[in-house]
């Protein structure tokens, strides 16, 4: 189990870092969270049930580590925003520019969501977890997850100027 377990964790490192960044918005802190998560996972590997998803188990460990970290750091100083990190490469072109602007707008919109909605969006829409898996990670009922996701999607659509109620067909306009 140890080699397969380690390989599984290694494969999930980018996902863990992405989720960590969504929680703390600071690359150095995200790296620390991922390291803490991996350390805790290896220390508790005998508690992992191979019948469950490794990613959900790791995300829960990471989220708990984040909660522990924020409780301890109430008196800590200034943190650096992820937007302060310089882009590694820039490619010119209309499509690339439009995509970058839309992604930036989406990220900004996600960042303005309440933490509970942001966590649900990241787990379900980015990490592709099921409602049940996200509910387990966040220790929240599935119905609450569904409600938060719905509210988050509506808020994001409004913030991004996406029409929420498009006409589905000519029948919806009452045409005969």
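The values are calculated or read from the model by the stated rules, or taken from the named source; none is laboratory data. Bear in mind that the values here come from a model prediction, so they are computed numbers and not experimental data. Every residue, glycine among them, receives a Cβ derived from its backbone with ideal geometry; neighbour counts consider all protein chains shown.
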Item to check | From the options 172, 89, residue that is exposed (fewer than 10 other Cβ atoms within 10 Å of the Cβ), outside the structural domain of residue 47 (by TED's automatic domain parsing) and at pLDDT below 80 | outcome: 89
Checklist outcome for this item: Conditions (1) under 16 Å from residue 60 (Cβ atoms); (2) surrounded by 15 or more Cβ atoms within 10 Å (Cβ to Cβ) -> residue 142 fails only (2)
Checklist entry - So, in the range 115-130, of the ones that are in a helix (DSSP H, G or I) and surrounded by 17 or more Cβ atoms within 10 Å (Cβ to Cβ), which residue ends up nearest to the chain's Cα centre (by Cα)? => result 122
Checklist entry - Of all the residues that make up the range 2-34, how many are surrounded by 13 or more Cβ atoms within 10 Å (Cβ to Cβ), free of Cβ contacts under 8 Å to residues at least 24 places away in the same chain and farther than 17 Å from residue 55 by Cβ? => result 1
Checklist entry - So which residues in the range 35-59 are more than 16 Å from residue 15 (Cβ to Cβ) and part of a helix (DSSP H, G or I), if there are any at all? => result 39, 40, 42, 43, 45, 46, 47
Item to check | Residue check, residue 78 in a loop (DSSP other than H, G, I, E, B), at pLDDT below 90 and over 22 Å from the mean Cα position of the chain (by Cα) | outcome: yes
